[in-house]
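Data block below; observations after.
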Amino acid sequence: MSVRRGSRLFTLALVAACASACGGRVDHASRLSFSGSALGPEAEVLRGQLARFDEAHPDVRVELRVTPDAADQRHQLYVQWLTGRASEPDVLQLDVIWTAEFAAAGWILPLEAFGPDVEDFFTAAAEAARWEGRLVAIPWFVDVGLLYWRTDLMDAAPRSLAALREAARGSIEAGATRLGLVWQGARYEGLITVFLEHLAAFGGGILDAEGRVIVDEPPALRALTFMRDAVSGGGFVPSSALTWQEEQVRFAFQNGDAAFMRNWPYAWTLLQDAARSRVAGRVSVAPLPAADDGRPAAALGGAQLAVNAHSANPSLAWELVAFLTAPEQMLERARLAGQLPPRRSLYETRALEEALPIPIAQVREVIDVAVPRPVTPVYSELSEILQVRVHRALTGQQAPEAALRDAAREMRELLARSGL
Ligand code: GLC
C-alpha cells in the first residue's frame, strides 16, 4: 500500500471515528460557499467576517462568490443555480423581495430545525423572512431609501416634493451644483424602489392590502408624471440618471455634482471619506418628502440569509448564518458599512449609536415611514413589467397614463395566470 493511500485510509478512519464520537463533527471537515453582495465597503466587512468564521472552524473553509451589484442580475444568477439544483452556494444572501419566490419553489430550507431565535428581530423584518408560516431566512440588514441633502446648500431638508423641486432647481440656477436630484433610473429593481417612494408620496401603491393592482389609479399617475417631469424639459433630475444604478448615482453626488441624492445607507460612509468625497461633512439624510396627498416614504429593502435546500452541509451552512447574523457581526457591519441591523435590542444600547456612522435619530425617522414592496412569489415578474413601463414613460417613449394602464393590465394577467 502506498504511503499516500495509507494516510488517506487513516484520515478516513479518523473521520469515521469522529463521526460517532464527536457528535457529527464529520460535517466540519469541509468547504462552504457563500454568495453575497460586495457593494462599497460590504466586501471588506464580509471578507473579514468570513475569515473569523474560518479561524473559529479550522477544518472549514468558506469561499466567497461575489455576485453582480444589480439586484436583478443577481436574481437571474441565483435562479440559474437553483433551478439546476446546484448544491452551492450553501448560504445565499437574498434580497427581501425574493424570499417568497425562493421558498415557494422549495429552493431554500425551512430553518426551525436548527432552533433559531428570532424574538429580537423587528416584526417587519422577521415577517419578510417567513413563507406560509415557516421561517425560511434570517434577517441580515435593513435598507431604507434615504434622501441625502447638502447641508452647505440649505438649512433643512425640504418638507414637501414641491419644495424639493424648488430647492433642486434653485441649486442649478444659482450655479451651486450642475445637477439637482439624482436617483436610480436605470431599468432594474432600483428604479422600482424609487417609484415606490414617489407612489407613497402621492398616496398610491403597487398592490392594495388585498393584493389588487392599483398602479393605474390617479395617485400613481400623479407620481409617475412628477418623475417624468423631473427628468424632461427644464427638469431637475438629469436624463443620464435613466441609465444609473446605486453606484453611478453615488459618484455624481460624491463629486459634488448634485444638491440631492436618493440612495441606501451604504453610501453614507463612502460620502464621509474626505480623501475620496467632495461632500464629506456636508451631508444629512431625511425621508423623501410627501406631495399634498401622500406621506413621506422610504422603500424598505435589505437582505436575509438562507440555506440552499440542496446544500451538502446544511448544519454547517446554518452555523455560518447564525454567526453572520449575531449581534457582534451586525454591529461591525453597521460601523464599517453603515448598514442597519434588524435586531431591536441593538437600538436600545449605546453600542449601535456609537457604531453607526449615520446619526441614529435621522435613521429612525426614515425607518418609521418605510414601505415594503409586495410580498408574492411572482414579485420579480411583476417588477419587470413595471420596470419596462415606468422606464418607457421616463424616457418619453410612452405617456405616463398609457404606460401605467399597460403595466396594470399585464400585472393583472400575470396574477390571474399564477392563480394569485
Ligand atoms: C438594495 C436593497 C434591495 C433592493 C435593491 C434595488 O440592495 O437592499 O432590497 O431591491 O437595493 O437596487
Tell me, which residue of segment 155-178 that is buried (at least 17 other Cβ atoms within 10 Å of the Cβ) and under 17 Å from residue 369 (Cβ atoms) is farthest from the ligand (Cβ to nearest atom)?
158
Of all residues in segment 226-236, count the ones that are open to solvent by less than 40 Å² (accessible area, probe 1.4 Å), more than 23 Å from the chain's Cα centre (by Cα) and at pLDDT 95 or above.
4
Quick check, is residue 325 at pLDDT below 95 and more than 29 Å from residue 253 (Cβ to Cβ)?
no
Residue identified as farther than 19 Å from residue 36 by Cα and either of a type outside the set (Val, Ile, Thr) or surrounded by 13 or more Cβ atoms within 10 Å (Cβ to Cβ) (or both) among 85, 130
130
Inside segment 298-353, can you point out the residues that are over 22 Å from residue 123 (Cα atoms), part of a helix (DSSP H, G or I) and more than 16 Å from the ligand (Cβ to nearest atom)?
314, 315, 316, 317, 319, 320, 332, 335, 336
Pairs with Cβ under 7 Å, 6+ apart, first in segment 109-124 and closer than 20 Å to residue 307 by Cα, second assigned to a loop (DSSP other than H, G, I, E, B):
109/309; 110/136; 111/136; 121/342
Quick count over segment 293-335, residues being within 19 Å of residue 64 (Cβ to Cβ) and hydroxyl-bearing (Ser, Thr, Tyr), is 2
Does residue 284 satisfy the criteria of being in contact with a helix residue (DSSP H, G or I) (Cβ under 8 Å, 6 or more places away or on another chain), open to solvent by 10 Å² or more (accessible area, probe 1.4 Å), at pLDDT 95 or above and part of a helix (DSSP H, G or I)?
no
Under 8 Å by Cβ, and 6 or more places apart or on different chains, what pairs join a residue from segment 84-98 that is closer than 13 Å to residue 318 by Cα with one that is charged (D, E, K, R)?
89/65
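Rundown of residues vs (1) open to solvent by 30 Å² or more (accessible area, probe 1.4 Å); (2) at pLDDT below 95; (3) among the aliphatic types (A, V, I, L, M), yes/no style:
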position	(1), (2), (3)
180	no, no, no
184	no, no, no
187	yes, no, no
190	no, no, no
195	no, no, no
201	no, no, yes
205	no, no, no
209	yes, yes, yes
212	yes, no, no
Of the numbered conditions (1) part of a helix (DSSP H, G or I); (2) more than 16 Å from the ligand (Cβ to nearest atom); (3) aliphatic (A, V, I, L, M), residue 64 fails exactly one; give the number of that condition.
(1)
Out of (1) of a type in the set (D, E, K, R); (2) under 30 Å from residue 85 (Cα atoms); (3) without any contact (Cβ under 8 Å) to a residue 24 or more places away in the chain, the one residue 210 does not meet is (2)
When every residue in segment 142-154 that is in a strand (DSSP E or B) and open to solvent by 10 Å² or more (accessible area, probe 1.4 Å) is compared, the one nearest to the ligand (Cβ to nearest atom) is 143
Name the single residue that is surrounded by the fewest Cβ atoms within 10 Å (Cβ to Cβ) among those in segment 89-112 being more than 16 Å from the ligand (Cβ to nearest atom) and farther than 15 Å from residue 130 by Cβ.
106
Residues located in segment 179-200, provided they are away from the ligand (no atom under 15 Å from the Cβ) and over 11 Å from residue 299 (Cα atoms):
179, 180, 181
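Matching residues to (1) in the same structural domain as residue 216 (by TED's automatic domain parsing); (2) in contact with a Pro (Cβ under 8 Å, 6 or more places away or on another chain); (3) open to solvent by 70 Å² or more (accessible area, probe 1.4 Å); (4) within 16 Å of the ligand (Cβ to nearest atom):
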| site | (1), (2), (3), (4) |
| --- | --- |
| 359 | no, no, no, no |
| 365 | no, yes, yes, no |
| 391 | yes, no, no, yes |
| 410 | yes, no, no, no |
Go over the candidates 125, 103 one by one and state the one that is under 17 Å from the mean Cα position of the chain (by Cα) and not in a loop (DSSP other than H, G, I, E, B).
125
Tell me, yes or no, whether segment 178-188 has at least one residue that is outside the structural domain of residue 94 (by TED's automatic domain parsing), assigned to a helix (DSSP H, G or I) and either in contact with a strand residue (DSSP E or B) (Cβ under 9 Å, 6 or more places away or on another chain) or within 19 Å of residue 383 (Cβ to Cβ) (or both).
no
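The values are calculated or read from the model by the stated rules, or taken from the named source; none is laboratory data. Quantities reported herein were computed from a predicted structural model and do not represent experimental measurements. Glycine also receives a Cβ, built like all others from the backbone with ideal geometry; neighbour counts cover every protein chain displayed. To get the accessible areas, we keep the full protein, side chains included, count just its heavy atoms, and leave off ligands, DNA and RNA. Shrake-Rupley method; radii C 1.70, N 1.55, O 1.52, S 1.80 Å.
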